[in-house]
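What follows is a short report on a single structure.
The values are calculated or read from the model by the stated rules, or taken from the named source; none is laboratory data. Because the structure is a prediction, the values reported are computed rather than measured. Heads up, the Cβs are rebuilt from the backbone with ideal geometry, glycines too, and the neighbour counts pull from every protein chain shown. Side chains are part of the model used for accessible areas, which takes the heavy atoms of the whole protein and leaves out ligands, DNA and RNA. Shrake-Rupley method; radii C 1.70, N 1.55, O 1.52, S 1.80 Å.
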Amino acid sequence: MALFKKEFIIDSNDPMSYGQASSSFKKTLKQLGVAPAIIKRTSIAMYEAEINTIIHGGGGTGSVVIENDHIEIIFEDHGPGIADIDLAMQEGYSTASTEIREMGFGAGLGLPNIQKNSSNFKIESKPGEGTKVTIRIDL
Amino acid sequence: MTVLKHSVILDKDKCLGCTNCIAHCPTEAIRVRQGKAYIIAERCIDCGECIRVCPHHAKKAQSHTLEALKQYDFTVAIPAPTLYGQFRDHTSIDMILTALKKVGFDDIFEAAEAADIVTAKLKKMLKTKDKNVPWISSSCPAIVRLIQIRFPDLLEQVVNIESPMEIAARIIKNEIYPDKKNIGVFFISPCPAKITAVRNPIGSKVSAVDGVIAINEIFLDLQTAVHSLDSIEELGKASSWGISWARSEGESHSTEWTETVAVDGIGNVIKFLEELENGKIKHVDFIEAMACPGGCVGGALTVENPYICKARIIRKAAKVKRPPEERNKTEKRDNLLMMDAELSPAETLKLDNDFKTALEKMSRIEQYTEELPGLDCGSCGAPTCRALAEDIVNGCAKKNDCIFVLRNEIKDLTENLAELGSWMPPLFSKDGKKK
Ligand SMILES: Nc1ncnc2c1ncn2[C@@H]1O[C@H](COP(=O)(O)OP(=O)(O)OP(=O)(O)O)[C@@H](O)[C@H]1O
Ligand code: SF4
Ligand SMILES: [Mg+2]
């Protein structure tokens, strides 16, 4: 059994709540006394994945698990999915609409940033079915 | 006067236990227990937010008074530039500085002059692009403490240059009056955070400042002195840049660097730092972050309205035409500018030193949070339901402190009682009499 587990509903209809899951988990990590460098990496990776779930996936669910030696973060949505994952992973690639860009997203840096900040990163997606992102950060 | 590490204190007689302050505390450091507010010392950053919001003026700051000057043979005042904005435009900076001498100080070194010196150093630092950008200003001690407590992962981005106050004091003692015996250096402060920064220094092992007098403590004396000046000495040395540090954007603009940002007000700073942690802040090299609304002009120990003060600072600074200078500079100067102690995370939020125990406590906190009503009403004396959950797990509160939980328990209890009351043992008849 996981030492700690928490689930989140990621609602895309409420812009005020964007980033709330990452924000709350960040606080958890600080209270647990996790090393600042790890908090920094986790914050960035989790925030980018949460935002992608909202703006590209149309909302979904998130979960965090803490084990003795690692953190695992999962975001899952039933949005449009990603046809070409390799392409999506490229720095600067983005399908974000003008509206989304106006909100300050859509530089095409999210996925590469998640990769950079996680120890292990997996993205599973089928067009038309949805996307699941799994981030592992070693403690 | 007992010397506490913090300067914000509670006047128990005035506190009604109204819970106004607890929701406003940015580090959730206040609880109401037994009808009185109580400050959790390890969490307090002395930002003065509670002093500002308390309707009963029960929160105050411990400042020195002019009496303290008597302990020294020679005294120097370091007035914060915010002091200049407490007086109307026709009271010039030189008049205020002369008045400071009249109330008892032997010499003056403006914090604004030290701000000019910090500016020169910041400019050099910004030119050498560093992996730590964006840099976060270290001039507001409430913000540095906030970062130590709530944003430990951002600590390495805090500029390791001392605050103008500390630098001014070091210059006075090491470069201007190195041979003076029994010299007392006093900062004239807009806020409790600076008082605490002297008692319990952040970036230096021991502060070179000997005492701090709050602006609202010295104001009336100064006002009287200003009105009875025989002559006005030309004491002002700071440039308009340094004087502008009193208000938001003053510090960031003084760097003359394009990619800077100024954030003021503790709530705004917290939101901004959250975004910075998320990697959302881009194309910024320097962040000026001030705890008070409008910058130091909004300090909790000032007299004048922050916006009036800010407008006056802008006008008074505009009148000053002299360039920044670095008088009395010796080969010691470079060292005097830097912090001599490491900024380390304050582990006050940490639930336990043992990771497994901390995790176990965290799981219980999550569970209690689920069980509480989520109204964050403050009636339990904690700022949020989650904070109560944390207090329960830390052993300093009970679930029944929540009035809703208590009410439900009473309801269950009365229902049980009623049910028990209506229950007739088989030997009893319907009217309850044993025939
Ligand atoms: N959950 C998702 N569902 C559908 N498409 C996605 C999802 N996540 C990412 N993508 C696709 O991958 C692209 C690249 O994602 P990435 O996070 O790197 O950049 P971005 O979100 O467009 O911009 P930024 O993250 O810099 O704001 C997106 O533009 C989108 O087409
Ligand atoms: S902004 Fe200025 S007045 Fe307010 S706490 Fe910080 S240093 Fe003090
Ligand atoms: Mg993205």
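When the convex hull of the Cα atoms of the range A:4-138 is projected onto a plane and the area is averaged over all directions, what value comes out in nm²? Over every viewing direction, the Cα hull of the range A:4-138 projects on average to 7.6 nm². When only alpha carbons are used to place a centre, the range B:163-204 and the range B:300-353 end up 11 Å from one another. Per q in 0.07, 0.08, 0.10, 0.11 1/Å, what log10 I(q)/I(0) does a Debye calculation on the alpha-carbon atoms of chain B return? After summing over all Cα pairs, the log10 values are -0.40, -0.50, -0.73, -0.87.
Under a Gaussian network description of chain B, with springs only between Cα atoms under 10 Å, the residue in B:Pro26, B:Pro164, B:Pro190 that fluctuates furthest is B:Pro26. Angle, helix B:306-319 long axis vs. longest principal axis of chain B, Cα atoms, 0 to 90°, nearest 10? It works out to around 20 degrees.
Within the listed set B:Phe286, B:Phe109, B:Phe219, the Gaussian network model of chain B (springs between alpha-carbon atoms below 10 Å) gives the highest mean-square fluctuation for B:Phe219.
Computed over protein heavy atoms with a 1.4 Å probe, the carbon and sulfur contribution to the accessible area of the range A:4-138 reaches 49%.
Projecting the Cα atoms of A:Ile55, B:Ile171, A:Ser94 onto the charge dipole of the protein assembly as shown, computed from C-beta unit charges around the Cα centre, puts B:Ile171 farthest toward the positive end. Between A:Lys5 and B:Glu233, the FRET efficiency from the beta-carbon distance, with R0 = 56 Å, is close to 0.25. Basic side chains Lys and Arg get +1 at the Cβ, acidic Asp and Glu get -1 at the Cβ, and with that the dipole of the range B:355-421 about its Cα centre reaches some 220 debye.
Every Cα-Cα pair in the range B:8-61 was counted, and those over 15 Å apart are 32% of them. Computed on the Cα atoms alone, the convex hull of the protein assembly as shown gives a volume of 212 cubic angstrom per residue. Against chain B, whose longest principal axis comes from its Cα atoms, helix B:111-127 is set at around 80 degrees.
Relative contact order of chain A, taken over Cα pairs closer than 8 Å and 6 or more residues apart, is 27 percent. Sequence-distant contacts, meaning Cα pairs under 8 Å at least 6 residues apart, place the relative contact order of chain B at 20 percent. Within 10 Å of the Cβ of each residue in B:149-156, the mean number of Cβ atoms contributed by other protein chains is 5. In degrees, nearest 10, range 0 to 90: what is the angle between the Cα axis of helix B:266-277 and the longest Cα principal axis of chain B? Relative to chain B, helix B:266-277 is tipped by roughly 90 degrees.
Determine the per residue accessible area of chain B with all protein chains present and a 1.4 angstrom probe, expressed in square angstrom. Heavy-atom SASA per residue in chain B reads 46 Å².
The distance linking the range A:85-119 with the range B:208-232 is 57 Å (Cα centroid to Cα centroid, whole angstrom). Of all the options A:His56, A:His78, A:His70, the one that moves most in a Gaussian network model of chain A with Cα springs shorter than 10 angstrom is A:His70. For the range B:97-149 versus the range B:378-427, the inter-centroid distance based on Cα atoms is 52 Å.
Note on the range B:355-421: the alpha carbon radius of gyration divided by the globular reference 2.2 N^0.38 Å gives 1.29.
Contact order, relative form, for the range B:8-61: 47 percent (alpha carbon pairs under 8 Å, 6 or more residues apart, mean separation divided by residue count).
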